[in-house]
Amino acid sequence: MPRIPLNVAATLPRTLGPPPKALPSDFSPTAADARSLYRSLWRVGSLSIMYSNPGHKVIREKIREAFEESRKNPAKTPQDIKEQWERGKQSFNTRFFFEIASTRFGVEHRVISNMCVVTAEKNKGTTRSLKPAVIQNQKEVEREYTKVIHALNESMRLSLR
């Protein structure tokens, strides 16, 4: 189990809150609700990886990406609204997943930490030329990684990227 720095330990929740409840059917999120969700996801996501670099930056970029994507493509049809509603439910599950990762340092913490490491390595790129076999292996690993994240999202109703 990793040692928790004092500045992080002070921000840890004493007990894990209750799991997210279903949102009321007449709930329509406002811009303030979206900002609040963005900030809480960023706060709890950063706490789940103990504010480490590059994880802190990766979490911020992934959350920003998701919110920018929904801002660029606003819901117009009833089908779009339904999809956006489902993503909203998943974001509450994701926040709860982050909370568990920040308190227990178990599988959830390892999943998020490894996702951050993989993304940071992918974003870093390479400055040297690679052999075709190595490039092929990297593509295969990327496909498998994407499949695992998709399966995790499907089974746990999360919205990890």
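Observations
- Rounded, prolate or oblate (a/c below 1.5 giving rounded, otherwise prolate when a/b exceeds b/c) for the range 44-146 by Cα gyration tensor: oblate
- Computed over protein heavy atoms with a 1.4 Å probe, the carbon and sulfur contribution to the accessible area of the range 103-150 reaches 57%.
- In order along the range 33-39, phi translates into HN-Hα couplings of 5, 5, 4, 4, 5, 4, 5 Hz, rounded to whole numbers, per the Karplus curve 6.51 cos²θ - 1.76 cosθ + 1.60 with θ = phi - 60° and x for Gly and Pro.
- Residue by residue, the range 151-159 carries 3J(HN,Hα) couplings of 5, 5, 4, 5, 6, 9, 6, 10, 10 Hz when phi is fed to the Karplus relation 6.51 cos²θ - 1.76 cosθ + 1.60 (θ = phi - 60°); x denotes Gly or Pro.
- Karplus-based coupling profile of the range 52-65, in residue order and whole Hz: 7, 9, x, x, 4, 6, 5, 4, 4, 5, 5, 5, 4, 4, with θ = phi - 60° in 6.51 cos²θ - 1.76 cosθ + 1.60 and x standing for Gly or Pro.
- Per residue, in Å², the accessible surface of the range 106-161 once ligands and nucleic acids are set aside, probe 1.4 Å: 75 Å²
The values are calculated or read from the model by the stated rules, or taken from the named source; none is laboratory data. Everything quoted here is computed from the prediction, not taken from an experiment. What goes into the accessible areas is simple: the full protein's heavy atoms, side chains included, and nothing from ligands, DNA or RNA. Shrake-Rupley method; radii C 1.70, N 1.55, O 1.52, S 1.80 Å.
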